[in-house]
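Accompanying notes for the structure given below.
What follows is calculated from the coordinates using simple rules that are stated; it is not laboratory data. Keep in mind the model is a prediction, meaning the values are calculated, not measured. Virtual Cβ from ideal backbone geometry, glycine too; neighbours counted across all protein chains shown.
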Amino acid sequence: MISNDMREGRKIETRGFNMIDFKVFFPNVVLSGECAIENIAGQVKRLNGKNVLILTDYNISKLPFMSVVEDLIKKNGFGVSIWNKVLPNPNLATVKEAIAFLNDNNCDLVVGIGGGSVLDTAKAVAVVSKNEMDIEKCLGLFNIKKRGFPLILVPTTSGTGSEATHISVLVDENTNQKVAIYSEYNMADAVIIDYRLTYDLPPNITAETGLDALTHAIEAFASKGANLLSDLFAINAIEMICGNIVNAYIKGNHDKDARKWMALGSFYAGIGFCSAGLGAAHGLAYPLIDYGLSHGRSVGIFLPWVMEYNLSFAKSKYAKISKALDKSFYAITESEAAEKSIDLIKKIIKNLGISYRLRDYGIKTKDLDDMAKNAFESSKRLLDFNPRDISLEDAQSIYKKAY
Ligand SMILES: [Fe+2]
């Protein structure tokens, strides 16, 4: 079984690399704890920063903890400049504007504090500015030549796992397409996971970002690019997230333990999918953005339908998911256990108050084929990793089932 997985993985994983079974990137230092942010000045010092650029969005910049972070850095003798203009789905112009701000303020270390959009922007700003390249030339697989400015990432949601990956996802405003920088130099020099920053996330954000993390973990675990190391992170992420997502959603800041496991589960899922790749739930979900649905809700809608499509091709992995979540499934056959994994995921999504039916989001049946075609043509990179090959007709059939 392992050798088959590895063979499948080798075909995919060598993009940008030669003669390897798998690649895994890690941040240099990870600090995780309820008060982990207290260590931020120590990390600035370790990384030889003098003038810190904090990148964030407007709403986060107004939260009380931001002034605490600013004071922690300043009282240790470092300069701080704050740029709070990151918007959801950041584009190339956003990165260029932030780089101009970094240069104007002579900053030499970047701290990103926020959700995935902020962290993706921070990664791009640190690496593109130091390489003095046009951002357009940095897009794609491994085009960056050297390390960027030192980079510290501080996630404030438990979803994207961006703090754990080598990928900056951006939007090219000229073509309106998603583009990305893939580079080992995008990996953070320090990740600071302070659970307190997620305690007050509203329920809908908790549910939708958490579903994103869950989909990362399951798709990474079943991916054609899955490998021995990504599996360690992905299966642990699945356990952490499935065991805590509903409590985090219902109990909010009254269940700090659930928040902690969600923060760690999201990080683990990020390490897993960064190495293994994702799958068709991510590949098919993109067109739902046009209906105002968040990324997390969109991929969560497709997750059970894609698992059904993949079932006979990912039987062993799905059975392992069931058994990890419920030990009683050791008593049934592998096929039965694999099927149970889909029931477990559907139950979790329902308990988050989220429908996984496209009909509940104002989508018309006449639009399904075109949406599937649009997803299929723009997501080849993601669909390549799905455990079962997908044709355009398959994508259209999944869309119809999900209706
Ligand atoms: Fe995602």
> Toward the positive end of the charge dipole of the chain, about the Cα centre and with charges on Cβ (Lys, Arg +1; Asp, Glu -1), which of VAL171, ILE332, VAL128 goes farthest?
Replying inline: ILE332
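What's the magnitude of the charge dipole for segment 203-402 around its Cα centre, counting Lys and Arg as +1 and Asp and Glu as -1 at the beta-carbon? Answer in Debye, nearest 20. Could you put the intermediate results ahead of the total?
Details: 25 positive and 23 negative charges, 76 e Å.
Using Cβ point charges on Lys, Arg, Asp and Glu, segment 203-402 gives about 360 debye.
Quick one: dipole size for the chain, taken about the Cα centre, charges +1 on Lys/Arg Cβ and -1 on Asp/Glu Cβ, in debye to the nearest 20.
320
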>> Over 30 Å between Cα atoms: which of LYS74/LYS178; LYS224/LYS340; LYS137/LYS260; LYS256/LYS323; LYS327/LYS400; LYS315/LYS401 fall into that group?
In response: LYS74/LYS178; LYS137/LYS260; LYS327/LYS400
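Going by C-beta contacts inside 10 Å, put MET133, MET371, MET262, MET307 in order with the fewest on the left.
Ascending number of Cβ neighbours within 10 Å: MET133, MET371, MET307, MET262.
To two decimal places, what compactness ratio does the chain give when its Cα radius of gyration is scaled by 2.2 N^0.38 Å?
On the way: Rg = 20.5 Å, N = 403, 2.2 N^0.38 = 21.5 Å.
Its radius of gyration relative to the 2.2 N^0.38 Å reference: 0.95.
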> With r defined as the distance between the Cβ atoms of THR333 and ASP369 and R0 fixed at 41 Å, what FRET efficiency is calculated, to the nearest 0.05?
Replying inline: 0.65
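LYS251 to LYS401: FRET efficiency via 1/(1 + (r/R0)^6), r the Cβ-Cβ distance, R0 35 Å, to the nearest 0.05?
Working: r = 33 Å, r/R0 = 0.95.
Rounded to the nearest 0.05, the efficiency is 0.60.
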>> Please list, in order, the residues from segment 139-174 whose amide nitrogen is less than 17 Å from a point placed 7 Å along the Cα→Cβ vector of VAL68.
In response: 154-157
>> With unit charges on the beta carbons (Lys and Arg positive, Asp and Glu negative) and the dipole taken about the Cα centre of segment 346-394, which residue among LEU352, SER391, SER379 sits farthest to the positive side?
In response: LEU352
>> Using Cβ contacts closer than 10 Å as the measure, can you line up GLU173, GLU219, GLU308 from fewest to most?
In response: GLU173, GLU308, GLU219
> How high is the relative contact order of segment 34-198, in percent, counting Cα pairs under 8 Å that sit 6 or more residues apart?
Replying inline: 25
> Put +1 on the Cβ of each Lys and Arg and -1 on the Cβ of each Asp and Glu in the chain; which of ALA36, GLY116, SER183 then has its Cα farthest toward the positive end of the dipole?
Replying inline: ALA36
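Explain nothing, just the number: dipole magnitude of segment 34-198 about its Cα centre with +1 on each Lys and Arg Cβ and -1 on each Asp and Glu Cβ, in debye rounded to the nearest 20. Write out the running numbers ahead of the final one.
On the way: 16 positive and 18 negative charges, 68 e Å.
I would put it at about 320 debye.
For the chain, give the share of DSSP beta bridges that are antiparallel, in percent and rounded to the nearest 5; count only bridges with both residues there. Don't skip to the end; give the middle numbers.
Working: 6 of 30 bridges.
So the antiparallel bridges in the chain amount to around 20 percent.
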>> Taking a ≥ b ≥ c as the square roots of the Cα gyration tensor eigenvalues, with a/c under 1.5 meaning rounded and otherwise prolate when a/b beats b/c, else oblate, which class fits segment 34-198?
In response: prolate
> How high is the FRET efficiency between ARG381 and ASN143 when r is their beta carbon distance and R₀ equals 22 Å, given to the nearest 0.05?
Replying inline: 0.90
>> For a quick check: sort SER266, SER275 by the number of other beta carbons within 10 angstrom, fewest at the front.
In response: SER275, SER266
> Under the definition of Cα pairs under 8 Å and six or more residues apart, what whole-number percent is the relative contact order of segment 284-393?
Replying inline: 32
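Below 8 Å, C-alpha to C-alpha, sequence gap of six or more: please give me the relative contact order for the chain in percent. Please list the in-between numbers first.
Numbers: 814 pairs, mean separation 61.8, N = 403.
The normalised contact order for the chain reaches 15 percent.
Counting only helical runs of four or more DSSP H residues, what would the 222 nm mean residue ellipticity of the chain come to if each run contributes -39,500 (n - 2.57) and the total is spread over all its residues? Show your work: numbers first, answer last.
Working: 18 runs with 207 residues, N = 403.
Result for the chain, helices only: -16000 deg cm²/dmol.
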